[in-house]
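Novice: First, the structure itself, so that you have it in front of you.
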Amino acid sequence: MDFELNEDQIAFADMARAFAQNEFEPHAAEWDQEQTFPVDVLRAAGEMGFCGLYSPEDVGGLGLSRLDASIIFEQLAMGCTSTTAFITIHNMDTWMIADFGNEDTRQQWCPELTAGQKLASYCLTEPNAGSDAASLKTTARREGDNYILNGSKIFISGAGSTDVLVVMARTGEDGPKGISAFAVDAKSEGIVYGRKEDKMGWNSQPTRMITFEDLVVPASALLGNEGDGFKIAMKGLDGGRINIATCSIGTAQAALNRARDYMHERKQFGKELANFQALQFKLADMATELVAARQMVRLAASKLDAGHADKTAYCAMAKRFATDVGFNVADEALQIFGGNGYIKEYPMERYVRDNRVHRILEGTNEIMRVIVARRVLMEDAADLL
């Protein structure tokens, strides 16, 4: 078992770090304050290959592993959590279309999605279907060569500013077996976008409700077969949980780095903060927990890449642990800054705000515990441990 990054992974990390430092970090505070969706920078990210990291090469993707993608996302998140989080969602959507779409749909969307020339949003959550995603009510009724979609989705990242929507809708019976997935042109007549939500964090990406009113979608836009939608969604969420956990780790690492530097710069009682043992111990705990979280995420990514039978449980464990740790590390880093951490002249409060939502989305951390507990309670649980 080798925990060291290989030469390619080191090169990926260096490339992503340089991009984040040059393109994300100098603008992140402004994007947050002005609620700017940096489309031009996302296109630049696409030119670097960051918009199709694990999509197949035949549609313009890099075909990387989920572990490689996690290493890249971590470096990007150190520059801007919110923008990186959107890129991870875009990657998931692009992969879904590339893996489950027919050839016409793949060629219609994926080359421009992987290049960052077009952007994607993921539409699963509904007003009355959050953690219980299988109870979604949006319908897709077959009429000839088309489906007619009706219903609403909420908390949709990028909504109103993206080009394609990956939509989960009910084509059949109640429950997960009646759900299908579609790649929908986001500019289609019959799509109504709600107001942009005012959020605690993630302000560099718009979030809106989407309503479908007799939206006509060609049958060719179906991803996989009818009834495959929930399976596709769950496969996407395994990777999505690794991605969002990675965003937490990258943000926490940025916060830890700044706290470490501040402890050398700030003096109280005639000496640097770095000389106070209480703060040394705090920093040591932060670093230890962050390293543990990073290794758990990379383990889960490796399990997903290998197609391990318990990959879903590992991804859930990693998401729960890393997002809790990431938030706590960012919060403790803010505490080290004292009052300075609470004002927007410093990025500490933004790190905390942006990292908080990671414990909610891609399945709340309570749902992650449900997934893990179910697996642990099975007779062969020792195989997981």
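Novice: How do the peptides 312-320, 40-48, 139-147, 228-236 rank, highest first, by the average count of neighbouring beta carbon atoms within 10 Å per residue?
Specialist: Values: 312-320: 25.9, 40-48: 17.6, 139-147: 15.0, 228-236: 20.3.
Result, highest mean first: 312-320, 228-236, 40-48, 139-147.
Novice: Round to the nearest 10 and give me the degree value, 0 to 90, for the angle of helix 7-19's Cα axis relative to the longest principal axis of the chain.
Specialist: 80 degrees
Novice: While we're here: Only Cα pairs under 8 Å and at least 6 apart count here; give the relative contact order of the range 7-119 as a rounded whole percent. Let's see the in-between values first.
Specialist: Numbers: 140 pairs, mean separation 38.5, N = 113.
It comes to 34 percent, rounded to a whole number.
Novice: Work out the P(r) tail for the range 7-119: percent of alpha carbon pairs separated by more than 18 Å, whole number.
Specialist: Above the 18 Å cut-off, the range 7-119 has 46 percent of its Cα pairs.
Novice: Sticking with the crude label model, points 7 Å out along Cα→Cβ, report the distance from Met378 to Asp163 in nm, one decimal please.
Specialist: 4.0 nm
Novice: Hey, fewest Cβ within 10 Å first, where do Phe3, Phe37, Phe155 land in order?
Specialist: Numbers: Phe3 7, Phe37 23, Phe155 20.
Listing Phe3, Phe37, Phe155 from fewest to most nearby Cβ atoms yields Phe3, Phe155, Phe37.
Novice: Find, to one decimal place in angstroms, the Kirkwood hydrodynamic radius of the range 121-227, where the mean of 1/r is taken over every pair of different Cα atoms and then inverted. Could the numbers behind the result be given before it?
Specialist: Values: mean 1/r = 0.0723 Å⁻¹.
Radius from the Kirkwood sum: 13.8 Å.
Novice: Listing His308, His264 from the residue with the fewest other Cβ atoms within 10 Å to the one with the most, what is the order?
Specialist: Working: His308 14, His264 11.
With the fewest neighbours first, His308, His264 line up as His264, His308.
Novice: Could I have the simple spin-label model distance between Asn146 and Ala284, label points 7 Å from Cα toward Cβ, reported in nm to one decimal?
Specialist: With each label point 7 Å from Cα toward Cβ, the separation is 6.8 nm.
Novice: To make sure I understand the rule: partners must be aspartates and glutamates, Cα under 15 Å from the Cα of Lys303, and not fewer than 8 residues away in the same chain. Which ones qualify?
Specialist: Asp2, Asp68, Asp238, Asp383
Novice: Which order do the peptides 357-364, 103-110, 49-56, 125-132 take when ranked by the mean count of other beta-carbon atoms within 10 Å per residue, highest first?
Specialist: Details: 357-364: 21.5, 103-110: 17.9, 49-56: 24.1, 125-132: 15.2.
Result, highest mean Cβ count within 10 Å first: 49-56, 357-364, 103-110, 125-132.
Novice: Amide H of Gly224: which non-local residues (sequence gap of 5 or more, or other chain) have their own amide H closer than 5 Å, using H built in the peptide plane?
Specialist: Gly101, Asn102
Novice: Assuming 0.692 mPa s and 37 °C, estimate D for the chain with Stokes-Einstein, Rh taken as the Kirkwood radius over Cα pairs, in µm²/s.
Specialist: 154 µm²/s
Novice: What lysines could a cross-link reach from Lys271, if we take a straight Cα to Cα line under 29 Å and drop same-chain neighbours fewer than 8 places away?
Specialist: Lys271 reaches Lys282, Lys344.
Novice: Above 24 Å lies some portion of the pair distances; for the range 230-383, what is it as a whole percent of all C-alpha pairs?
Specialist: On the way: 4631 of 11781 pairs.
Value for the range 230-383: 39 percent of Cα pairs lie more than 24 Å apart.
Novice: Once fully extended, how much extra length lies between Asp2 and Ala44, figured as 0.36 nm per residue of separation less the alpha-carbon to alpha-carbon distance? Please list the in-between numbers first.
Specialist: Working: separation 42, 0.36 × 42 = 15.12 nm, distance 3.33 nm.
Answer, rounded to one decimal: 11.8 nm.
Novice: Just grab the label-to-label distance for Asp132 and Val216, each label 7 Å out from Cα along the Cβ direction, in nm (one decimal).
Specialist: Taking the two extended label points, one gets 3.6 nm.
Novice: With contacts defined as alpha carbon pairs under 8 Å and 6 or more residues apart, what's the relative contact order of the range 224-320 in percent? Let's see the in-between values first.
Specialist: Details: 66 pairs, mean separation 36.5, N = 97.
Relative contact order of the range 224-320: 38 percent.
Novice: Next up: Listing Ile148, Ile71 from the residue with the fewest other Cβ atoms within 10 Å to the one with the most, what is the order?
Specialist: Values: Ile148 17, Ile71 23.
Final ranking by Cβ density, sparse to dense: Ile148, Ile71.
Bear in mind that the values in this text are calculations on the coordinates, not laboratory data. Quantities reported herein were computed from a predicted structural model and do not represent experimental measurements. Positions of Cβ are generated from backbone atoms using ideal geometry, with glycine treated the same way; all protein chains shown enter the neighbour counts.
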